[in-house]
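Below: the structure, in structure tokens.
The values are calculated or read from the model by the stated rules, or taken from the named source; none is laboratory data. Please read these numbers as outputs of a predicted model, since none were measured by experiment. No Cβ is skipped: glycine too gets one built from the backbone with ideal geometry, and neighbour counts run over all protein chains shown. Ligands, DNA and RNA are excluded from the accessible area calculation, which covers all protein heavy atoms including side chains. Shrake-Rupley method; radii C 1.70, N 1.55, O 1.52, S 1.80 Å.
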Amino acid sequence: MFNPERLTIARERRAMTKKGVAEEIGVSTNTILRYEAGEIEPTAENLEKLAAALSFPEEFFLGGDVDMPLMSNASFRGLASKTEKVMKAALQSGTLSYIFDDWISDRYDRASVQLPEYPAEMEPQVAAKLLREEWKLGHKPIENMVHLMEAKGIRVFSLAENNKDIDAFSVWRDDIPYVFLNRFKSAERSRFDAAHELCHLCLHKHGGAAAEKKNSPIERDANSFAGAFLMPDEDVRAIVKRQIYSVDDLLPYKKRWRVAAVALAYRLFELGIIPKSRSNSFYVDMSRRGWLKSEPGGISREQSSVWQQVFDDLRAKGISKFDISQSTGLPLKEIEDALFGLANMISIDGTGYRTERKTSHLHLVN
């Protein structure tokens, strides 16, 4: 049967209004409103038109009810600066990721969640240090944030929003944490975003993050957590021995922690290694040089270990991404965009993180 909720999901994912969809398929706005309210069902002809207009398979609209991330429990960076249309499109990318994630969960066991919950009033840098201790990371740099989060049971997906409007967002779905990262950002920025969202998951699980405004205490706390988590106090003080007089002096050090120069400069100010006036002048100089968008010595983009191994295993069993699309009703492009492009990768990168296969369930997909 036609599921009106899924029409809303597809429409919001495409950032379209009811009026816009109505004009695309040649019906009144009220007709679309009644479709989404479940008062009437589209004819077979109009269902075909809806699928074409929204670039979703017809089967998608016939599926069951699904979980959706809500504005009230999702954390977005700088919420006040984002339009409702942009927000809903990003949230519905999360809905589609939930559908895919459930499909995978029926076939694979993944790492159990190992993410403590800290009091919201805890100092963010203290929380970062405690989490490092709990995860036994010591003071060493973190080589890959995506791999680390996956190993701790966090579901990591990519956002297909190839624009600057959405950095990242995170959400708890029952007892499972999810992080969605915008691949449009630089690799260094994406790592920082991942650590930023990690703070929201640990410190802001029960609300508050969803209501954050640009430069709000919650936003600043998450940035402070991210800086301390990626660049531990002890390691920075042990490594940075020479005076930092120019932005060029930052380049050798930023490679160690795999962060942007602007994030490193601010961290050095936080630790009292450089004065605030120098940190501010560095920011101006980096902006003038265009480093806020792209800087020298860029790092390679982090990829998922879990999705790579899952797709290697599925491929070995003759299950393709096209099969997954047909089974889930998800558009093929949405699957590819949500998985960092790993659907086409073959080799395993040797990280050592493993997925445990439920062989008794694999036969459900042909």
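Rounded to the nearest percent, how much of the accessible area of the range 86-199 (1.4 Å probe, protein heavy atoms only) is carbon and sulfur?
The C+S portion of the solvent-accessible surface of the range 86-199 is 48 percent.
From the backbone phi of the range 61-71, what are the Karplus-calculated ³J(HN,Hα) couplings (6.51 cos²θ - 1.76 cosθ + 1.60, θ = phi - 60°) in whole Hz, Gly and Pro given as x?
So the J values, rounded to whole Hz, are 6, 9, x, x, 5, 9, 6, 10, x, 10, 4.
Set the Förster distance to 30 Å, then compute FRET efficiency between M122 and M71 from the Cβ-Cβ distance, nearest 0.05.
Working: r = 25 Å, r/R0 = 0.84.
Efficiency, from the Cβ-Cβ distance: 0.75.
Would you work out what percent of the accessible area of the range 17-71, with all protein chains in place, is carbon or sulfur (probe 1.4 Å)?
The computed percentage sits at 48.
For the range 102-260, with every protein chain kept in place, what is the accessible area per residue (1.4 Å probe, Å²)?
41 Å²
Non-local amide H neighbours of I142 (under 5 Å, H modeled in plane, Pro and chain starts lacking H): which ones?
The answer is none.
Which parts of the range 39-74 would a label at S105 reach, counting a residue when its backbone N lies under 15 Å from a point 7 Å out along Cα-to-Cβ?
In the range 39-74, the label zone of S105 (backbone N under 15 Å from the point 7 Å along Cα→Cβ) covers 65-70.
Out of residues 5 or more away from R173 or on other chains, whose amide H comes under 5 Å of its own, with H placed 1.01 Å from N in the peptide plane?
Correct list: Y178.
According to the square roots a ≥ b ≥ c of the eigenvalues of the Cα gyration tensor, what is the shape class of the range 48-107, taking rounded for a/c under 1.5, prolate for a/b larger than b/c otherwise, and oblate for the remainder?
Values: a/c = 2.91, a/b = 1.36, b/c = 2.14.
Oblate, because a/c is 1.5 or more while a/b does not exceed b/c.
Taking 0.36 nm per intervening residue step and subtracting the Cα-Cα distance, what contour gain separates E41 from S28 on full extension?
Values: separation 13, 0.36 × 13 = 4.68 nm, distance 1.40 nm.
Between E41 and S28, full extension yields an extra 3.3 nm.
Among the DSSP beta bridges whose two residues both lie in the chain, what percent are antiparallel, rounded to the nearest 5?
Taking every DSSP beta bridge with both residues in the chain, the antiparallel ones total about 70 percent.
Which of rounded, prolate, oblate describes the range 230-303, given a ≥ b ≥ c as roots of the alpha-carbon gyration tensor eigenvalues and a/c under 1.5 marking rounded, otherwise prolate only if a/b is larger than b/c?
It is oblate, given that a/c is not under 1.5 and a/b is not larger than b/c.
Excluding ligands and nucleic acids, what accessible area in Å² is computed for T83 using a 1.4 Å probe, to the nearest 10?
80 Å²
Tell me, what HN-Hα J-couplings in whole Hz come from the Karplus equation 6.51 cos²θ - 1.76 cosθ + 1.60 at θ = phi - 60° for each residue of the range 272-280, using x for Gly and Pro?
Going residue by residue, I get x, 7, 10, x, 4, 4, 6, 4, 5 Hz, with x marking Gly and Pro.
Provide the FRET efficiency to the nearest 0.05 for the T83-K317 pair, computing r from the beta carbons and using R0 = 51 Å.
0.75
What distance in nm lies between label points placed 7 Å from Cα along the C-beta direction at R256 and S294?
2.8 nm
In square angstrom, rounded to the nearest 10, how much accessible surface does L130 have for a 1.4 Å probe?
Looks like 60 Å² after rounding.
Calculate one ³J(HN,Hα) per residue across the range 102-111 by plugging θ = phi - 60° into the Karplus curve 6.51 cos²θ - 1.76 cosθ + 1.60, and present them in order as whole Hz with x for glycine and proline.
For the range 102-111, the Karplus curve yields 5, 4, 5, 5, 6, 10, 9, 8, 10, 4 Hz.
Under 5 Å between amide hydrogens, which residues at least 5 positions from R183 or on another chain qualify, with H placed 1.01 Å from N in the peptide plane?
Here the answer is L159, since their amide H atoms fall under 5 Å of that of R183.
Answer rounded, prolate or oblate for the range 1-114, using the Cα gyration tensor with square roots of eigenvalues a ≥ b ≥ c: rounded when a/c is under 1.5, else prolate when a/b is larger than b/c, else oblate.
It comes out oblate by the Cα gyration axes.
In percent, what relative contact order does the chain have, based on Cα pairs under 8 Å that are 6 or more apart in sequence?
21 percent
Per the helix-only calculation at 222 nm, which mean residue ellipticity applies to the chain, given -39500 (n - 2.57) for every DSSP H run of n ≥ 4 and division by its residues, nearest 500 deg cm²/dmol?
After summing the helix terms and dividing by residue count, I get -14500 deg cm²/dmol.
Can you list the equivalent-ellipsoid semi-axes of the range 81-204, largest first and in whole Å, using the square root of 5 times each Cα gyration tensor eigenvalue? Could you put the intermediate results ahead of the total?
Details: eigenvalues 108, 69, 41 Å².
In descending order the semi-axes read 23, 19, 14 Å.
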